[in-house]
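Following: one structure in structure tokens, then a few remarks.
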Amino acid sequence: MTDSVSDWHRLAGTSVLLDGFHAVKHAVRFGADIPVAVSVDRTAALALADELAPDVREALAGLLVEVPQDTYRALVPRPHPTAVAALAVRPAREANLRALARTPRTAPVIVLDQPRNLGNAGAVIRLAAGFGATGVVTTGTLDPWHPTVVRGGAGLHFATAVERLTVDELPPGPVFALDPEGEDIRGLKLPDDAVLAFGSERTGLSAELRERTDHLVSLPMRPQVSSYNLATSVGMTLFHWSAS
């Protein structure tokens, strides 16, 4: 246990915090490099793996080290109900950039243009992973690898390519940007190489992203309803792509 706690303190400043059983499970499942993982109750955590994720049970058994409750609470800023946590190596930026730029693509790239809400960004990454999107790109100041984003994404950052880029650095492909004044999405087929862009929760698309856009697209919405949640908009758009 002592070595694990020492390793945690040594690595914490440069590693990705995986907060909770499900984040650790997904990271293991999608090949994350995890140098240290802890649990307050190792037996209970492995029983949860037996029930919910038998495919990663053996790997978790080799990773998890039991630590006292007080030690666990000192390691994480916001203890998770499952009392499981780990540190993972962040994927190399160069590898993510190659994945985002590779063509032809079989699934779109999601762009969050200057997002503000960390939890919303995490939910979008979880959606993108579920639909098999090529990746999620953010523009602006939000760090898509912030611990709150990773927590909202349930560790599924490791199932897709997640990076922060400028608009000029966006991957190749036609940009379809969501906007209330755009063409109704129900009349469109979104190509697999599409770059699907979504404006910030408050201000919508930036002028820079709007200038880069090839097609403005709108989601069906009842009159007098102001907007959808960001993750809802992304989910609706990815579902339309997948069903086309």
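Rounded to whole numbers, the Karplus 3J(HN,Hα) couplings from phi for the range 77-86 are x, 9, x, 8, x, 7, 6, 10, 8, 8 Hz, using 6.51 cos²θ - 1.76 cosθ + 1.60 with θ = phi - 60°, and x at Gly and Pro. Note on the chain: with neighbouring protein chains present and a 1.4 Å probe, carbon and sulfur make up 50 percent of its accessible heavy-atom surface. A Stokes-Einstein calculation at 25 °C with viscosity 0.890 mPa s, built on the Kirkwood radius of the range 1-104 over Cα pairs, returns a diffusion coefficient of 172 µm²/s. Once Rh for the range 168-219 is found with the Kirkwood sum over Cα pairs, what is the Stokes-Einstein diffusion coefficient at 25 °C and 0.890 mPa s, in µm²/s? D, rounded to a whole number, is 218 µm²/s. What the phi angles of the range 182-187 give under the Karplus curve with 6.51, -1.76 and 1.60, with θ = phi - 60°, is a coupling list of x, 6, 4, 4, 5, x Hz, glycine and proline written as x.
Extending 7 Å from Cα along the Cβ direction at Asn229 and again at Ala47 yields two label points whose distance is 3.2 nm. Each Cα pair under 8 Å and six or more residues apart adds its separation to the average, and for the chain the resulting relative contact order is 20 percent. For the chain, compute the orientation-averaged projected area of the C-alpha convex hull (one quarter of its surface), in nm². Average of the hull's projected areas for the chain equals 14.0 nm². The C-alpha radius of gyration of the range 204-244, expressed as a fraction of 2.2 N^0.38 Å, stands at 1.32. Of Thr71, Thr106, the residue with the largest accessible area leads and the full order is Thr106, Thr71 (1.4 Å probe).
Bridge orientation summary for the chain: considering DSSP beta bridges with both residues in this region, about 30 percent are antiparallel. Solvent exposure of the chain amounts to 48 Å² per residue of accessible area, where only protein heavy atoms count and the probe is 1.4 Å. Over the C-alpha trace of the range 136-229, radius of gyration and Dmax come out as 14.3, 39 angstrom. Amide H contacts of Glu183 (H built 1.01 Å from N, in plane; Pro and chain starts excluded): Leu216, Val217, Ser218 sit under 5 Å, all sequence-distant by 5 or more or on other chains. When only alpha carbons are used to place a centre, the range 1-79 and the range 190-218 end up 38 Å from one another. Distances between every pair of Cα atoms in the range 87-195, grouped in 5 Å steps from 0 to the bin holding the largest one, split as 2, 13, 23, 25, 21, 11, 4, 1, 0 percent.
The values are calculated or read from the model by the stated rules, or taken from the named source; none is laboratory data. Computed from a predicted model, the values in this text were never measured in an experiment. Using ideal geometry, Cβ is built from the backbone for each residue, glycine included, and neighbour counts are taken over all protein chains shown. Accessible surface is based on the protein model in full, side chains and every heavy atom, while ligands, DNA and RNA are left aside. Shrake-Rupley method; radii C 1.70, N 1.55, O 1.52, S 1.80 Å.
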